[in-house]
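Here is the structure we will look at, set down as structure tokens.
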Amino acid sequence: MGNVAVIGAGMTKFGELWDKGLEDLIAEAGAKAVNDANIDGEDIQAIYGGNMSAGRFIGQEHIGALIADAIGLTPIPSTRVEAACASGGLALREAYLAVKSGTYDVVVAGGVEKMTDVYSEQVTQTLGGAGDQQWEVFNGVTFPSLYAMMARRHMHDYGTTEEQMAAVAVKNHSNGSKNPYAQFPFKVTLEQVMSSSKVAEPLKLLDCSPITDGAAVVILASEKFARKLPQEPIWIIGSAHTTDTLALHDRKSLTSIEATRLAGRQAMKQAGVTPKDIDLAEVHDCFTIAEIMAMEDLGFSKRGEGGKDVESGKFNLNSELSVNTSGGLKSCGHPVGATGIKQAVEVTWQLRGEAGKRQVDDAKVGLTHNVGGSGATAVVHIFSKEVD
Amino acid sequence: MPHRKSLASIWRRIPQRYRGESTMCLNCGRHFFPPRHFCPYCRRKSKIAPYTISGRGKVMSYTVVHVAQEGFERQVPYVIAIVELEEGPKLTAQLCAVEPEDVRIGMPVEMSFRRISEDKDDGIIHYGYKFSPILSPKK
Ligand SMILES: [Zn+2]
């Protein structure tokens, strides 16, 4: 089977975008990616669109056809992909498989979420649906409370501190302050994070990712097609998707996301790389503790040492491993269905050397990590400038 | 929210929520909560039989919720915990009859039947299980 390339990438600014509807967002990101790819609309053969919950956020279902319509690509097949907060990452995975299988030469992998048309309590309720409605949410669980229980147990077992979690927010806001697409492109201090209001202890407001509107698109192509284009393609050299129990309480561990561990291992094995070979990673920091666990589960930190590592600066821009150069979900924003694709857009720009003030020096290999719910879905991709 | 307001969806879960009725696998001896239709470890060799949970366990982790979802706003701050039952299954529930600052990982707790939440507009009151500390652990 041939190699799969990213030939184009584009995204909207992330934020509270009152003047843009879901169809405007995906059309803008789609047009940017198609222009970036130097292709015509008629080259595109299929669309995979990540979207968590347009039905509850804007009362709209049938998002596959809506995307094809919005970007003017009917009658080609267009499929909505849903895996809660990993919907975007999973759309990328499905698009990758469609090209890898030889079925198509050029496909769109997109993600979009319009979250700010409803009140924040309704957003809380809808995001709760990423967990188990019957056996978690019914009993008073909120989405942050699940990660809060992981954080509490991580603190208990490994001595992780609230300051170490806050250090994730400080780092990601520092990166996001260099990203013109970020929802909150400004720095925050450790004191600001520590003194922000309590959400679900030990998590505070600035430990949490925000409510965001936005869309992102990458165009994937077969090697044969990609080699005909003037620009240098970026290659997807590893791709993996895993699942685990819907409810957090049914998992083997509260301090590790097993789905991430397995997906990371599978993707790295396929790519023939180890954690040391990776120059930058866009990981799923829906809450600060989630980035700490991701570092451990993906093999960038020893078990229990993710907090110490982020505090020591190991994951700062242009240090040992640059983590969440876009600002992550925390500072760049988290339009749930778009996040997994935004991660791929950021890594593509980084590997091309187009990331401006947040550019990672000499970036050759990048990783994206997208999680659904409290860890019931994980999707990991590895991208490279070079391919065998 | 429709999935919480249907009476059938409430009634269907009464055996579990009110009485702790569940299932276990006689092939491997694992207990489940909520009930499973087959054992994920034994699959085709599963031998599913009914059992009622002990209701006694210990706190594996917990959080104090300050920003609640609809129907729980009047309860904040409240404690949510993951409890591991003596016979193995783990579940998520509120802790009651305890101050948030007194909760500890490893604390022994037991299940009780409680009011869980109220729907605002149509007035359904949801009942189920919460856990409270066992003051002198029974064996
Ligand atoms: Zn069994």
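The values are calculated or read from the model by the stated rules, or taken from the named source; none is laboratory data. All values derive from a computational prediction rather than experimental measurement. With ideal geometry, Cβ positions are generated from the backbone for all residues, glycine too; neighbour counts draw on all protein chains shown. Side chains included, ligands, DNA and RNA excluded: accessible areas come from the protein's heavy atoms. Shrake-Rupley method; radii C 1.70, N 1.55, O 1.52, S 1.80 Å.
With respect to (1) more than 18 Å from A:Ala240 (Cα to Cα); (2) open to solvent by 20 Å² or more (accessible area, probe 1.4 Å), the lone exception for A:Val336 is condition (2). Taking (1) farther than 26 Å from B:Asp119 by Cβ; (2) more than 9 Å from the ligand (Cβ to nearest atom); (3) open to solvent by 70 Å² or more (accessible area, probe 1.4 Å) in turn, B:Arg74 satisfies each apart from (1).
If a residue counts only when it is closer than 24 Å to A:Leu90 by Cα and in the same structural domain as A:Leu190 (by TED's automatic domain parsing), which helices (runs of 4 or more DSSP H) contained entirely in region A:293-358 have at least 3 such residues?
On the way: elements: A:306-311, A:328-332, A:336-352.
In region A:293-358, the matching helices (runs of 4 or more DSSP H) lie at A:328-332, A:336-352.
Considering region A:162-203, and only residues there that are touching a Pro at 6+ places or on another chain (Cβ under 7 Å), outside any helix (DSSP H, G or I) and open to solvent by less than 10 Å² (accessible area, probe 1.4 Å), the residue that is farthest from the other protein chains (Cβ to nearest Cβ) turns out to be A:Asn179. Checked against (1) outside the structural domain of B:Asp121 (by TED's automatic domain parsing); (2) under 25 Å from A:Leu127 (Cα atoms), B:Tyr62 passes all but a single condition, namely (1).
Restricted to region B:87-98, and to residues there that are more than 8 Å from every other protein chain (Cβ to nearest Cβ) and hydrophobic (A, V, I, L, M, F, W, C), the residue that is nearest to the chain's Cα centre (by Cα) is B:Leu95.
With respect to (1) crowded, with 24+ Cβ neighbours inside 10 Å; (2) within 13 Å of another protein chain (Cβ to nearest Cβ); (3) of a type in the set (D, E, K, R), the lone exception for A:Arg153 is condition (1). In region B:85-103, the count of residues that are open to solvent by 50 Å² or more (accessible area, probe 1.4 Å), at pLDDT 95 or above and touching a helix residue (DSSP H, G or I) at 6+ places or on another chain (Cβ under 9 Å) is zero.
Can you tell me which residue in region B:54-67 is nearest to the ligand (Cβ to nearest atom), limited to those that are of a type in the set (Ser, Thr, Tyr) and at the interface with chain A (Cβ under 7 Å from one of its Cβ atoms)?
Residues of region B:54-67 that are of a type in the set (Ser, Thr, Tyr), as a first pass: B:54, B:61-63.
Right, trim to at the interface with chain A (Cβ under 7 Å from one of its Cβ atoms) and you get B:61-63.
Values: B:Ser61: 26, B:Tyr62: 30, B:Thr63: 32 Å.
Result: B:Ser61.
Could you grab me the full set of residues in region A:102-114 that are in contact with a Ser or Thr (Cβ under 7 Å, 6 or more places away or on another chain) and either at the interface with another protein chain (Cβ under 9 Å from one of its Cβ atoms) or over 17 Å from A:His284 (Cβ atoms) (or both)? A:Asp105, the sole residue that qualifies. Within region A:193-224, the set of residues being under 30 Å from A:Ser384 (Cβ atoms) and touching a strand residue (DSSP E or B) at 6+ places or on another chain (Cβ under 6 Å) comprises A:Ala215, A:Ala216, A:Val217, A:Val218, A:Ile219, A:Leu220, A:Ala221. Here is the figure for region B:30-74: residues that are over 23 Å from A:Pro202 (Cβ atoms), of a type in the set (Ser, Thr, Tyr) and under 18 Å from the mean Cα position of the chain (by Cα) total 3.
Checking each residue in region A:347-364 for being surrounded by fewer than 21 Cβ atoms within 10 Å (Cβ to Cβ) and on the phi < 0 side of the Ramachandran plot picks out A:Arg352, A:Glu354, A:Lys357, A:Gln359, A:Val360, A:Asp361, A:Lys364.
Residues in region B:1-23 that are open to solvent by 40 Å² or more (accessible area, probe 1.4 Å) and among the basic types (Lys, Arg): 4 in all. Restricting attention to region A:115-143 and to residues that are closer than 26 Å to A:Lys13 by Cβ and at the interface with another protein chain (Cβ under 7 Å from one of its Cβ atoms), the residue that is most open to solvent (accessible area, probe 1.4 Å) turns out to be A:Glu121.
Tell me the residue from B:Glu84, B:Glu101, B:Glu70 that is at the interface with another protein chain (Cβ under 9 Å from one of its Cβ atoms), of a type in the set (D, E, K, R) and farther than 30 Å from B:Arg30 by Cα, please. Outline the logic, then answer.
On the way: B:Glu84 fails: farther than 30 Å from B:Arg30 by Cα; B:Glu101 fails: at the interface with another protein chain (Cβ under 9 Å from one of its Cβ atoms).
So the residue among B:Glu84, B:Glu101, B:Glu70 that is at the interface with another protein chain (Cβ under 9 Å from one of its Cβ atoms), of a type in the set (D, E, K, R) and farther than 30 Å from B:Arg30 by Cα is B:Glu70.
The combined condition, being open to solvent by less than 10 Å² (accessible area, probe 1.4 Å), among the hydrophobic types (A, V, I, L, M, F, W, C), farther than 30 Å from A:Gln125 by Cβ and assigned to a strand (DSSP E or B), is not fulfilled by A:Val112. Restricting attention to region B:24-39, which residues are within 14 Å of chain A (Cβ to nearest Cβ) and either more than 8 Å from the ligand (Cβ to nearest atom) or open to solvent by less than 30 Å² (accessible area, probe 1.4 Å) (or both)? Scanning region B:24-39 gives B:His31, B:Phe32, B:Phe33, B:Pro34, B:Pro35, B:Arg36, B:Cys39. Candidates are the residues of region A:237-250 that are among the hydrophobic types (A, V, I, L, M, F, W, C) and open to solvent by 10 Å² or more (accessible area, probe 1.4 Å); the one that is farthest from the other protein chains (Cβ to nearest Cβ) is A:Ile237.
Among the residues of region B:42-53, how many are within 10 Å of the ligand (Cβ to nearest atom) and surrounded by 12 or more Cβ atoms within 10 Å (Cβ to Cβ)? Counting residues in region B:42-53 that are within 10 Å of the ligand (Cβ to nearest atom) and surrounded by 12 or more Cβ atoms within 10 Å (Cβ to Cβ) gives 4. Pairs meeting the criteria (first residue in region B:104-124 and among the aromatic types (Phe, Trp, Tyr), second residue open to solvent by 50 Å² or more (accessible area, probe 1.4 Å), beta carbons under 9 Å, at least 6 apart or on different chains) are B:Phe113/B:Tyr18; B:Phe113/B:Arg19; B:Phe113/B:Tyr127.
Residues that are open to solvent by 10 Å² or more (accessible area, probe 1.4 Å) and touching a helix residue (DSSP H, G or I) at 6+ places or on another chain (Cβ under 8 Å) within region A:211-224 comprise A:Ile211, A:Ser222, listed in sequence order. Within region A:227-252, the only residue that satisfies the criterion of being under 19 Å from A:His369 (Cα atoms), among the polar types (S, T, N, Q) and assigned to a loop (DSSP other than H, G, I, E, B) is A:Thr245.
If you take the residues in region A:47-81 that are among the polar types (S, T, N, Q) and open to solvent by 20 Å² or more (accessible area, probe 1.4 Å), which one is nearest to the chain's Cα centre (by Cα)? Per the criteria, the residue is A:Thr79.
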